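Heads up: the structure comes next, in structure tokens.
The values are calculated or read from the model by the stated rules, or taken from the named source; none is laboratory data. Model, not experiment: these values are computed from the prediction. In this analysis, Cβ positions are derived from the backbone assuming ideal geometry, glycine residues included, and neighbour counts consider all displayed protein chains.
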Amino acid sequence: MNDGIIQTPIQQDWKLVRVADVIVKERLRDYDEDHINRIRRSFRELGGQLQLQPIVLDERMILIDGAHRLDAASREGWEFISALIWTGVTEEDRPILEAEANIVRKDFSPVELERIWKEHYEPAAKVRAERHKQAGLKVGAEAPVHGNTVDGKAQSIVMVARETIGKDIDWLNKVTDVRALAESTTAPVELKAVAERGIEKLSKPGAKVDPVHKELLRLQDAFSKKGQAPTERRAEALERTLDKQVTESTLLAEKYSGELGSDLVEAAGVVPAGGESVRAIRVALTHALAGAIIVECRTSENPASALRPIGQEVVDLLNMLTTKQLGLEA
């Protein structure tokens, strides 16, 4: 089964086409005059109407990649331009192909990458996850987010973002937070103004996301202390944090019951003091479990009374799972 985002079979052919025949539709990004001028200078220096990269078209002569090269060629008076013709491209494929071409060249700004992820890659990843689900492939035990599979193993949305966009999902979500506040009609004026300035900074390729996002968090915290209610965007960000923790915890449990667990057993037998290292892992995970229990207890009106049933549930579940996986049920 073809597990790529592009499902349609695409053929390609390299040829010269008339510049005037190329059809340019709405693009994912605006034109950059400086970039066009750099390409024109390159054309003139190379001479003979040589270009280092072809433009990319579909069989209907609609542009997929190379808007700046096409514009530069037109301004230089070229009649023909070298093009790679892709046959079989659908309307759904075109924006993803355009995005891939720019991502490979690292041309996109943080704002553009976030928009491409939300509008194209994330929906495509969810569709691909649904195909796997229907095909009976395991996507992840009761994971609340969609994913894909690699060699039959669970691949979370975190991994999909890293492998397609080249950025962590947290990085993309931070840009989403800034953009949402900049576009908000209900956010405090001061907060909205800072977000708008942040979007201006993040509209440049290579812009740093963390400083902009941290400044917004600082202001949000200040407004919260003044009694301001959390914005809708903040609520969505908190929901994503919960979903991420559930997913990562689920995947970690699967790792320990699978290949990772087997490797650790082998390592403990051959590595000096390997047993102590395994014990250290258990102690660290116990501390993490205690932290999760504390969080759950604090969600109750009476944390002290909630501790006993939660603790008993943990003990019972731990006994059941370890007994079962060790084959000691009898």
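Quick notes
- From 236, 276, residue being part of a helix (DSSP H, G or I), within 30 Å of residue 176 (Cβ to Cβ) and not assigned by TED's automatic domain parsing to the domain that holds residue 182: 236
- Residues of segment 42-90 classified as in a loop (DSSP other than H, G, I, E, B), closer than 13 Å to residue 16 by Cα and among the hydrophobic types (A, V, I, L, M, F, W, C), total: 3
- Total residues in segment 301-329, condition farther than 24 Å from residue 262 by Cα, exposed (fewer than 10 other Cβ atoms within 10 Å of the Cβ) and acidic (Asp, Glu): 1
Residues checked against (1) farther than 28 Å from residue 161 by Cα; (2) outside the structural domain of residue 173 (by TED's automatic domain parsing); (3) outside any helix (DSSP H, G or I); (4) not β-branched (Val, Ile, Thr):
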{"residue": "193", "(1), (2), (3), (4)": "yes, no, no, yes"}
{"residue": "198", "(1), (2), (3), (4)": "no, no, no, yes"}
{"residue": "216", "(1), (2), (3), (4)": "no, no, no, yes"}
{"residue": "252", "(1), (2), (3), (4)": "no, yes, no, yes"}
{"residue": "267", "(1), (2), (3), (4)": "yes, yes, no, yes"}
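- Residues satisfying the criterion are absent from segment 282-291 (criterion: outside the structural domain of residue 157 (by TED's automatic domain parsing), outside any helix (DSSP H, G or I) and surrounded by 12 or more Cβ atoms within 10 Å (Cβ to Cβ)).
- Scanning segment 292-330 for residues that are among the small types (Gly, Ala, Ser) and not in a helix (DSSP H, G or I) yields a total of 3.
- Residues satisfying the stated conditions in segment 32-80, i.e. surrounded by 13 or more Cβ atoms within 10 Å (Cβ to Cβ), more than 23 Å from residue 10 (Cβ to Cβ), aliphatic (A, V, I, L, M) and out of contact with any helix residue (DSSP H, G or I) (no Cβ under 7 Å at 6 or more places or on another chain): none
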